[in-house]
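**Student:** Attaching a single structure in structure tokens format; questions to follow.
The values are calculated or read from the model by the stated rules, or taken from the named source; none is laboratory data. As the structure is a prediction and not an experimental result, all values here were calculated from the model. Glycine gets a Cβ as well: all are built from the backbone with ideal geometry, and neighbour counts include every protein chain shown.
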Amino acid sequence: MTDSRPATRRTVIAAALATAATAAMGSPAAASPAAAPAGRRRGNSTVDYRAWTSALDWRTGTGKGTRVVTGRRPGIALASPAGTTAYTDPHTGRTASWEYAVWTSPAHRLPVPASELVASWNAHTPAGTWIRIEMLGTYTDGTDTPWYTLGVWASGDQDVRRTSVDDQGDGKSSIWTDTFSIDDTDTGPRLASYRLRVTLHRAPGSGATPVVWRLGAMGSDVPARFEVPATAPGVGAGVELNVPRYSQNIHIGQYPEYDNGGEAWCSPTSTQMIVEYWGRRPSAEDLAWVNPEYADPQVCHAARFTYDYQYAGCGNWPFNTAYAATYPGMQGIVTRLDSLTDAERLIRAGIPLITSQSFMESELDGAGYGTAGHLMTVIGFTEDGDVIANDPASDSNEAVRRVYKRRQFENIWLRTKRYNAEGQVRSGTGGICYILFPAKPAPSQHRALRRLGIR
């Protein structure tokens, strides 16, 4: 029904949040160089999203073998290789040589030291190319993290297999698939600042190059909480967006090599719904590999091309947003929101979102299931402020549209601690969401995004 595989991972990821002290805002931050502000949230948010997207942004970083691509969509590309390296793909065993170039961001100092960080990126990787995303952090005690790998990524799967990297940690923090997490938020330091690094690879002698258009990260220190403050209906009340409806359940048993088929495809199914809301979809050529007897082959396509071969699932958050950005003129990020009020502003501007939540069946009326980890799309609000969702955990496309009670939905989405059916304390996602939007958003959309610190 839902993607249960992230439950194990998310339980570990958010273990720190489950014991976090709310005094983090008083933690001293180590001094570090700061990048130019990229927009700040209003109020007392502990969430900070910073991205490098403009030609000016890219020029503030340090490049070795890269060049800045200008025009309608600025980015970085491989100019002249900084060297050649060998990479052994852990999932195929194949070792190959690759030319590479490296771009490193300036250090970004977090306005509130963070207990978690999730990076996301948008890139074009033609055949024979791929990228590696890394981060180097500075703790509030003045020491540094190692260079952590946050993803080895390509839009295709013919050259290297998209993968996260396990077993990364330094005794103060760890990488859990796609998430940097402080190990002990009671007594350990927080993350004060970070740099991101992207390494662009291509086959030796090739003229091809990856192009990275967006590189960013969300740092946050959401307080430990079983309950979140209730919000009143706002600007999104009575607004419903016309988002296509796709069920993951009709794909159960299809392509089990991608995380057991549709039973665990909540994330790519939700992503595909929003991609198509924006008028993009895979071509007939793209879908030629899918069994023609299967309905909605684009959902199978999304599952294959979001699949993380190490995690062995389709629920890697930045892999989903990177997939969405492979479509012309699209962007995608992973961030957190502070409330349904934030979500309403996006809906009012015509931007649906994808939310991650965990709950028992009794905690969300009308769902008909419980889950330790599930993605669904928020497409609107009723006049009374209840949430209209396209929930892929449905038995048919027609049954996907659901209305969930506002108070129930906001609590299961925004909390960081919860009880399971056995009364054990488990984690919540603290407002994680994907936001997919055009590379050139409309003015009203630009304003709504910028209010959340997104540009």
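**Student:** Using the structure shown, decide if Arg161 is of a type in the set (Lys, Arg), within 28 Å of Asp184 (Cα to Cα) and at pLDDT 95 or above.
**Tutor:** No.
**Student:** Show the residue pairs that are 6+ apart or on different chains and have beta-carbon atoms under 7 Å apart, the first residue being within the stretch 341-369 and not assigned by TED's automatic domain parsing to the domain that holds Pro443, the second being hydroxyl-bearing (Ser, Thr, Tyr) and surrounded by fewer than 17 Cβ atoms within 10 Å (Cβ to Cβ).
**Tutor:** If the second residue must be hydroxyl-bearing (Ser, Thr, Tyr) and surrounded by fewer than 17 Cβ atoms within 10 Å (Cβ to Cβ), no pairs are left.
**Student:** Right, here's the next one. With modelled with pLDDT under 95 and either under 25 Å from Thr335 (Cα atoms) or not assigned by TED's automatic domain parsing to the domain that holds Pro328 (or both) as the only criterion, which of Gly236, Gly207, Gly216 stands out?
**Tutor:** Gly207
**Student:** Evaluate the following for Gln408: is it within 20 Å of the chain's Cα centre (by Cα), among the polar types (S, T, N, Q) and closer than 30 Å to Ala217 by Cα?
**Tutor:** Considered against the rule, which asks whether it is within 20 Å of the chain's Cα centre (by Cα), among the polar types (S, T, N, Q) and closer than 30 Å to Ala217 by Cα, Gln408 comes out as no.
**Student:** Return yes or no: is Arg402 modelled with pLDDT under 95 and crowded, with 17+ Cβ neighbours inside 10 Å?
**Tutor:** Considered against the rule, which asks whether it is modelled with pLDDT under 95 and crowded, with 17+ Cβ neighbours inside 10 Å, Arg402 comes out as no.
**Student:** Being more than 18 Å from the chain's Cα centre (by Cα) and free of Cβ contacts under 8 Å to residues at least 60 places away in the same chain is the filter here; which residues of the stretch 370-389 pass it?
**Tutor:** Gly370, Asp386, Val387, Ala389
**Student:** Continuing with the same structure: Could you say which residue among Pro392, Pro443 is assigned by TED's automatic domain parsing to the domain that holds Gln357 and without any contact (Cβ under 8 Å) to a residue 24 or more places away in the chain?
**Tutor:** Pro443
**Student:** Within the stretch 90-134, how many residues are under 22 Å from Gly65 (Cβ atoms) and assigned to a loop (DSSP other than H, G, I, E, B)?
**Tutor:** Number satisfying all stated conditions: 7.
**Student:** Just checking, which of Asp157, Asp183, Asp170 is out of contact with any helix residue (DSSP H, G or I) (no Cβ under 8 Å at 6 or more places or on another chain) and assigned by TED's automatic domain parsing to the domain that holds Ala101?
**Tutor:** The match here is Asp170.
**Student:** Next question, about the same structure. With respect to Trp130, is the statement that it is outside the structural domain of His301 (by TED's automatic domain parsing) and within 30 Å of Asp286 (Cα to Cα) true?
**Tutor:** Yes.
**Student:** Residue under question is Thr429, and the condition is that it be touching a residue at least 60 places away in the same chain (Cβ under 8 Å), closer than 27 Å to Ala123 by Cα, in a loop (DSSP other than H, G, I, E, B) and polar (S, T, N, Q); does it hold?
**Tutor:** Against the criterion (touching a residue at least 60 places away in the same chain (Cβ under 8 Å), closer than 27 Å to Ala123 by Cα, in a loop (DSSP other than H, G, I, E, B) and polar (S, T, N, Q)), Thr429 qualifies.
**Student:** Out of the stretch 424-441, which residues are of a type in the set (Ser, Thr, Tyr), over 15 Å from Met273 (Cα atoms) and within 13 Å of the chain's Cα centre (by Cα)? Write out each step before concluding.
**Tutor:** Going residue by residue through the stretch 424-441, those that are of a type in the set (Ser, Thr, Tyr) are 427, 429, 434.
Checking which are over 15 Å from Met273 (Cα atoms) leaves us with 427, 429.
Thr429, the sole residue that qualifies.
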